[in-house]
Amino acid sequence: MDKIYHIDNIDAYNKWYGKETLHPLVTVLDQHLPLESLNGATLKYDLYGIFLKQGDGCTARYGREKYDYQEGTIVTHAPGEVFSIEWDDKRPMPPSRGLLFHPDLMYGTALGRKIKDYTFLDYGEREALHVSQAERTVIMSLMDQIEAEMQRAIDKHSQTLITDTIALLMDYCLRFYDRQFITRHKQNSTVFTAFQRQLKGYFENGQPAQKGLPSVAYFADKACLSTGYFGDLISKETGTTAQRYIQDAVIERSKHMLLESNRSVSEIAYELGFEYPQHFTRLFKSRTGMTPNEFRMTA
């Protein structure tokens, strides 16, 4: 049976390296996977993490999927994430540099207020960030700054200086991810086209009545992507959120149903997957400015 490690505090993580804990809520380390005993183990984090892998030979498994870390790959995780690690025992572990910080570090800070903007923290399998040499240099420099600040005595400025630098690092990762979405436009267009086809088929096959309203998570799973990455991909391709795109499709289909049949609003709502007809009426009015019955009467 695979070993399971629950990583819930910085000090315990530092002890794997025999490293002194300079700050109780944040650490920077030069090797993410220090122990051979971790090969094949499952790790659960209650911390935020950003890891820069330099070299190949290491594979992370998220659920059923694998991702091979190549030169210059950034992997992130948010609290609650679970994954396993595997590597080829015949090859040395690739060098890496990692930043971990506890959610408590962010309380009352600008980073805490904007952490939800960094949607890439929830990305999963095959969604790591590939960076150039210049981009790697930026990430390494910011980690160096954080480590240098940790080596100073903690004072009233420490939290702000550390979290502001982490936020800057996150901002750069966000920029690099935006660049990666652009360079992968062709592949992403293929995903989007499949999404459009699957969304149409979801209605035509009568799935809403059986499974409920179509969800972002449903189509993300179809694409073998995390919900966060899939949502960002659709947003980059369409200029709107995946949830909004699905809702707009629901409204367009409901308009045809209202005009082409004598079914009641409640019957249409249930057929579209709404649990309660009033939820359908509320959504319809928010999109069109009128209730379903008003639309039917004025069309």
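A few remarks follow.
- Any hit, the stretch 282-299, residues being over 30 Å from Arg184 (Cβ atoms) and in contact with a Pro (Cβ under 6 Å, 6 or more places away or on another chain): yes
- Scanning the stretch 94-119 for residues that are open to solvent by 20 Å² or more (accessible area, probe 1.4 Å) and either part of a loop (DSSP other than H, G, I, E, B) or among the aromatic types (Phe, Trp, Tyr) (or both) turns up Pro95, His102, Tyr107, Gly108.
- Taken over the stretch 242-282, residues that are closer than 30 Å to Phe176 by Cβ and either aromatic (Phe, Trp, Tyr) or at pLDDT below 95 (or both) amount to 1.
- Residue check for Met143: more than 18 Å from Gly228 (Cα to Cα), open to solvent by less than 60 Å² (accessible area, probe 1.4 Å) and either touching a Ser or Thr at 6+ places or on another chain (Cβ under 8 Å) or modelled with pLDDT of 95 or more (or both): yes
- Annotation: Gln278 fulfils all but one of (1) within 21 Å of the chain's Cα centre (by Cα); (2) more than 30 Å from Leu25 (Cβ to Cβ); the unmet one is (1).
- For the condition of a type in the set (Lys, Arg) and surrounded by fewer than 16 Cβ atoms within 10 Å (Cβ to Cβ), Arg136 does not qualify.
- Among the conditions (1) at pLDDT 90 or above; (2) more than 16 Å from the chain's Cα centre (by Cα), the only one that Gly57 does not satisfy is (1).
- Candidates Leu213, Leu169: the one that is modelled with pLDDT of 95 or more and not charged (D, E, K, R) is Leu169.
- Scanning the stretch 151-166 for residues that are open to solvent by 10 Å² or more (accessible area, probe 1.4 Å) and in contact (Cβ under 8 Å) with a residue 24 or more places away in the chain returns Gln151, Ile154, Gln159, Thr160, Asp164.
The values are calculated or read from the model by the stated rules, or taken from the named source; none is laboratory data. Just so we're clear, the structure is a prediction, and the values are computed from it rather than from any experiment. Please note: Cβ atoms are built from the backbone with ideal geometry, for glycine as well, and neighbour counts cover all protein chains shown. Accessible surface areas use protein heavy atoms only, side chains included; no ligands, DNA or RNA. Shrake-Rupley method; radii C 1.70, N 1.55, O 1.52, S 1.80 Å.
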